[in-house]
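Below you'll find the structure, written out as structure tokens, and then a few comments.
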Amino acid sequence: MELSAPTTLWRLYHPRGDHARAVVIPGDPQSTVTFFVNNVMDRAENFDELDVALMRADDIRRDLVDHGWREED
């Protein structure tokens, strides 16, 4: 996957009404993945490799799904 601009990787919602999303900001030398909950940044993490940032975002998505979050259409 090659990215050149900030990209939303996934969006999730929780039945209680909360929403979450992950956005990757590709860069050189570091890429950043940010996580938002209800449109408020929860955290941002920097990685030397874009692939590692994408894996981290996927790990967070899987953890949220395991805790009752669902994929948005």
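Just going by the charge dipole of the chain, with Lys and Arg at +1 and Asp and Glu at -1 on Cβ, which of L54, S4, M41 is farthest out on the positive end?
Farthest along the dipole direction, towards plus: M41.
Quick one: compute the contact order of the chain, relative version, from alpha carbon pairs under 8 angstrom and 6+ residues apart, as a percent. Spell out each step's value before the answer.
On the way: 123 pairs, mean separation 20.7, N = 73.
Relative contact order, the chain: 28 percent.
Less than 12 Å Cβ to Cβ from W69, Lys/Arg counted +1 and Asp/Glu -1: what total charge do the surrounding residues give?
+1
Find the centroid of the Cα atoms in region 31-73 and in region 1-25, then give the distance between the two in whole Å.
Taking the Cα centre of region 1-25 as reference, the centre of region 31-73 is 7 Å away.
Put +1 on the Cβ of every Lys and Arg and -1 on every Asp and Glu Cβ in the chain; which of V65, H14, P29 then has its Cα farthest towards the positive end of the dipole?
Working it through, the farthest residue towards the positive pole turns out to be H14.
What is region 1-42 by shape, rounded, prolate or oblate, if you read a ≥ b ≥ c off the alpha carbon gyration tensor as root eigenvalues and call it rounded for a/c under 1.5, prolate for a/b larger than b/c, and oblate otherwise?
On the way: a/c = 4.19, a/b = 2.36, b/c = 1.78.
Judged from the Cα gyration tensor, region 1-42 comes out prolate (a/c at least 1.5, a/b above b/c).
In nanometres, what is the gap between the two model label sites at H19 and A44, each 7 Å from Cα along Cα-to-Cβ?
With each label point 7 Å from Cα toward Cβ, the separation is 2.1 nm.
Each reported figure results from applying straightforward, stated rules to the coordinates on display, with no laboratory input. Predicted, not measured: the structure shown is a model, and the values here were computed from it. Because the Cβ atoms are built from the backbone with ideal geometry, glycine has one as well, and the counts that use them run over all protein chains shown.
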